[in-house]
Amino acid sequence: MTSNNNKETDIIRKVAGNFARHPSQVNQLMEADAEIIRCNGEYLVLKTDGIHEEIKTKLYEDPYLIGWMAVTAPISDIAAVGAVPEGILLSLQMSLHTDEDWLKQIQAGINDACLHYHSYVLGGDTNFSDSVSISTTAVAHIKAGRPLLRTGMKPGEWLYATSFLGTGNAFAYSRFFNQALDVKFRPVARLAESRVIRTYATSCIDTSDGLFPALAVLSELNNVGFDLETPLLKLLSEDAGSVHRYEGLPEWMLLAGPHGEYELLFTVASEKQNEFEKECESEGWDPVYLGKVTAVPQLDFITGPLKIQCHPHTIANLFYESNGDILAYLQLLKQQHEKWVVND
């Protein structure tokens, strides 16, 4: 039976919950996508991320993609707090006998990502192992204004995403279950959009783990729920929509996580909504409206003909209940859908 506790945040609290916090640290545990320290009237922002499971499970085999994602993953978290990156520290484990072409490709992915984000490899560490693993720490700053946290939203506020969703899960499905599907995956951290968002948003998180896991975290931290007024079909990216049609997967499964698309998910107070959308238009991008924040911690959404109401952690916890077994996870998703069909 699905627990109403968020299993991911429970694990993180067990691991890091007893560590002392820096006296100048702005965010509490889980309260932001990155770690934020007040320093001489500005903010130092740090984030470490790793590409480990993705390599082990062969979700990522292309060395260029591994390099690109090693930079993009932490930079996406930097964007979610409204910061500007300075550079990255890189820790790489690889075989002593690594193929030179593979090494050139991972370097190209790292270099191209840094160039795209106007960032640099500041240094790092290289070790040798039988398996490949890569961790990256992004270093960033906020010179003026406030950082964005995951906390701060209130009932009645508008929920947006920077673009359409589901590409991350569509890519994972294509890799694990049907490699004939042509799903392109090279997400871009939303630094440019973040500059507008940080002026208007009350809270923000990235969707690196998928839409529903992100909503579960926001719900727990803010003691709120979400009414996704836009039917999920209209939220899907082109690739996610193709997988939905060709494989017959319900829309919600492509937003279930745990592999997301690195968009930003954020809330805007109703009185600022018009001004926010006008500035987005002037900047040349259209935020995707999802729905409203609600006072009761539950999720309401429309998937196909079904109107679903569930606890925010119901979907997010399914991956942890599968113990990370991808095939078992897909079966749990299908079983959950059947329950909703029967009860509709």
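Details
- For region 302-342, backbone nitrogen atoms closer than 17 Å to the point 7 Å from Val296 Cα along Cα-to-C-beta are found at 302, 307-314.
- A crude spin-label estimate for the pair Ala20 and Thr57, with each label 7 Å from Cα along the Cβ direction, gives 3.8 nm.
- Using a Förster distance of 56 Å, the FRET efficiency for Asn178-Glu229 (Cβ separation, nearest 0.05): 0.95
- Pairwise Cα inverse-distance average, inverted: Kirkwood Rh of region 212-291 (Å): 14.5
- Total charge dipole magnitude, region 87-180, about the Cα centre, Cβ charges on Lys, Arg, Asp, Glu only, Debye to nearest 20: 640
- Cα-based reach from Lys334 at 14 Å (exclusive), listing aspartates and glutamates while leaving out same-chain residues under 8 positions away: Glu247, Glu251, Glu321
- Taken about its Cα centre, region 20-81 carries a charge dipole of about 200 debye when Lys and Arg each add +1 at the Cβ and Asp and Glu each add -1 at the Cβ.
- Reachable aspartates and glutamates from Lys272, criterion Cα separation under 13 angstrom, eight or more residues apart if same chain: Glu157
- By accessible area, using a 1.4 Å probe on protein heavy atoms only, the chain has 50% of its surface on carbon and sulfur.
- Estimated at the nearest 10 Å², the accessible area of Asp206 is 10 Å² with a 1.4 Å probe.
- For Lys278, a cut-off of 24 angstrom between C-alpha atoms picks up these lysines, skipping any fewer than 8 places away in its own chain: Lys154, Lys234, Lys292.
- Of the trypsin sites (Lys or Arg not before Pro) found in region 155-225, those in coil by DSSP whose Cβ has at most 10 other Cβ atoms within 10 Å are Lys184.
- Heavy atoms of the protein chains alone define the surface here; on that basis region 45-179 has 45 Å² accessible area per residue at 1.4 Å probe size.
- Based on the Stokes-Einstein relation at 10 °C and a viscosity of 1.306 mPa s, and on the Kirkwood radius from alpha carbon pairs, the chain is assigned a translational diffusion coefficient of 77 µm²/s.
The values are calculated or read from the model by the stated rules, or taken from the named source; none is laboratory data. Since the structure is predicted, the reported quantities are computational estimates derived from the model, not experimental observations. Cβ atoms come from the backbone with ideal geometry, glycine included; neighbour counts cover every protein chain shown. What goes into the accessible areas is simple: the full protein's heavy atoms, side chains included, and nothing from ligands, DNA or RNA. Shrake-Rupley method; radii C 1.70, N 1.55, O 1.52, S 1.80 Å.
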